[in-house]
Amino acid sequence: MAAVVHKLLHHGHGHGHHSSSDAPTSSHDRQNSDMERALENEKRGLAHWEDHKRPLSPGEVCANPEDKPVGYSSNVFTQDTFELVKTLGTGTFARVWLVRFKNPKLEERDQVFALKILRKVDVIRLKQVEHVRNERNVLASVAGHPFITTMIASFQDHDSLYMLLDYCPGGEVFSYLRRARRFNEPTSQFYAAEIVLILEYLHEREGVAYRDLKPENILIDAEGHLKLVDFGFAKKVENRETYTLCGTPEYLAPEVIRNTGHGTAVDWWAFGILVYEFLVGQPPFWDQNPMKIYEQIVEGRVRFPSAMSPDARDLISGLCTVDTSKRLGNIKGGAGAVKSHAWFRNIDWEALYNRKVNGPIVPHLRGPADTRNFDEYEPEPENREVYSQEMSEKWGEFFKDF
């Protein structure tokens, strides 16, 4: 449990069941009551975080996860702590649930979270062990950033790995973009600016390449701000090159397709594609056949609609530059050069980081647990492969810091 939360909590106010003084307590009872007390403490720390949810400054976000109120590894939470309400999303080896505490107290009734459950068997079978560890570690290191999904805590049991995340009831930016066909310039600038702050933090503070920037991975929270989710491809690259082919065809940078080694610059390319898609309604490179998309990307000729403003064209051209040594965001000045671009001249970066600027689209919600912005999903399949003792002996070590 994070040290900060310990400081916030008054110990000794646990709600463990104390036995009457004359009845001897068994060690089992004592253990149970200790666990209950620890759980109450952890829940109280969480309530405190929820009440004061303010953006941590970049320096605070950078702190060791064990010293932050969020992003820690919990040995108190279990799946049994939570009631699974509804599936919010599924992937090849994970399912995300809307959850709340089981038997909530009055003050916990409105507290809901997203719980990402990853089955160890599937993670191993699909060779995702490294990706999952990267995801957990990156989320722990960035927890508390105003525009990145907050991993509150991670934990595990014999079969599964869990990440408890804040719930973004607005759903994907993608669905709003599809409904609106395209965003106007002020809306596009607002969302783009929040993404610049995310990339600046990931690249310059953490040395992390996100590698999967696209509208489907950007959610809208209750106040209309963005939250970047799904860090499965994120990787701490610092100044090294990496070679894994990953991402979504329309958003891949030329150096990923050419497999010449890539770093954080891939995110600035994808960011250019994203700004184009916000303003136009579709990405600049598109074809039914992915190979044709790749050819267009490597050639790197962006065609702009005549209605697009000169500043927007200039920004996108600077970002979607095939030569990484000339790519905006990757040249001298880094993210600062992007922030000082004319297209962002109306952005107050300080106010934006502190969430003092209102989001252009604020979702209509019936309450904290509203799920109307998420699709319906099939129930989980029955009779799934079991995580055996043999697997546990071979792989347990890889998950130990979860």
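Each value in this text was obtained by applying a stated rule to the coordinates, not by laboratory testing. Quick caveat, the model's predicted, so the values are computed rather than measured. Heads up, the Cβs are rebuilt from the backbone with ideal geometry, glycines too, and the neighbour counts pull from every protein chain shown.
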Counting lysine pairs in region 173-353 that sit 8 or more positions apart or on different chains, with Cα atoms under 22 Å apart, gives 10
In degrees from 0 to 90, rounded to the nearest 10, what is the angle of the helix 185-200 Cα long axis to the longest principal axis of the chain?
60
Taking just the alpha-carbon atoms of the chain, what radius of gyration and Dmax come out, in angstrom?
22.5, 85
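What area, in nm² and to one decimal, does the C-alpha convex hull of region 173-353 cast on average over all directions?
On the way: hull surface 39.9 nm².
The number I arrive at for region 173-353 is 10.0 nm².
Any idea what the dipole of the chain comes to, in debye rounded to 20, about its Cα centre with Lys/Arg Cβ at +1 and Asp/Glu Cβ at -1? Can you show the working numbers first?
Values: 49 positive and 58 negative charges, 193 e Å.
About 920 debye.
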Just the number: Rg to Rh for region 246-402, Cα atoms, Kirkwood Rh, two decimals.
1.09
Out of residues 5 or more away from S160 or on other chains, whose amide H comes under 5 Å of its own, with H placed 1.01 Å from N in the peptide plane?
K120
Can you sort H364, H225 so the residue with the fewest Cβ neighbours within 10 Å comes first?
H364, H225
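Going by C-beta contacts inside 10 Å, put D122, D166, D314 in order with the fewest on the left.
Values: D122 17, D166 22, D314 14.
Least crowded to most crowded, the residues run D314, D122, D166.
Mind checking the alpha-carbon convex hull of region 69-197 and giving the volume per residue in Å³?
Values: hull volume 18.6 nm³, N = 129.
About 145 Å³ per residue, rounded to a whole number.
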Sequence order, region 357-373: Karplus ³J(HN,Hα) from phi using 6.51 cos²θ - 1.76 cosθ + 1.60, θ = phi - 60°, Hz rounded, Gly and Pro as x, gives 9, 6, x, x, 10, 10, x, 7, 10, 7, x, x, 9, 5, 10, 5, 8
If each part is reduced to its alpha-carbon centroid, region 144-218 and region 57-117 end up apart, in Å, by 16
Under the rule of at least 5 residues apart or a separate chain, name every residue whose amide H is placed under 5 Å from the amide H of L165.
A114, L115, K116, I152
Cα centre as origin, Lys/Arg/Asp/Glu Cβ charges: region 61-109 dipole, Debye
260
Rounded to whole Hz, the Karplus (6.51, -1.76, 1.60) HN-Hα couplings of region 329-336, x for glycine and proline
x, 10, 8, 3, x, x, 5, x
Expressed as a whole number of Å, what is the distance separating the alpha-carbon centroids of region 320-384 and region 31-54?
30
Could you give the angle, 0 to 90 degrees to the nearest 10, between helix 129-142's Cα long axis and the longest principal axis of the Cα atoms of the chain?
90
Measure nothing but the geometry: give the 0 to 90° angle between the long axis through the Cα atoms of 27-51 and the longest principal axis through the Cα atoms of the chain, rounded to 10°.
40
Applied in sequence order to region 314-320, the curve 6.51 cos²θ - 1.76 cosθ + 1.60 (Karplus, θ = phi - 60°) yields integer Hz couplings, x standing for Gly and Pro, of 5, 4, 5, 4, x, 7, 8
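When Rg is the radius of gyration of the Cα atoms in region 312-389 and Rh is its Kirkwood radius, what does Rg/Rh come to? If you can, show how the numbers build up before the last one.
Numbers: Rg = 22.0 Å, Rh = 17.7 Å.
With Rg and the Kirkwood Rh in hand, the quotient comes to 1.24.
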Counting only residues 5 or more apart in sequence or on a different chain, those whose built amide H sits under 5 Å from that of V237 are V208, A209
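How much of the calculated P(r) for region 133-182 lies past 14 Å, in percent of all Cα pairs? Please list the in-between numbers first.
Details: 754 of 1225 pairs.
Counting every Cα pair in region 133-182, those more than 14 Å apart make up 62 percent.
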Fewest-first ordering of W286, W349 by Cβ atoms within 10 Å yields W286, W349
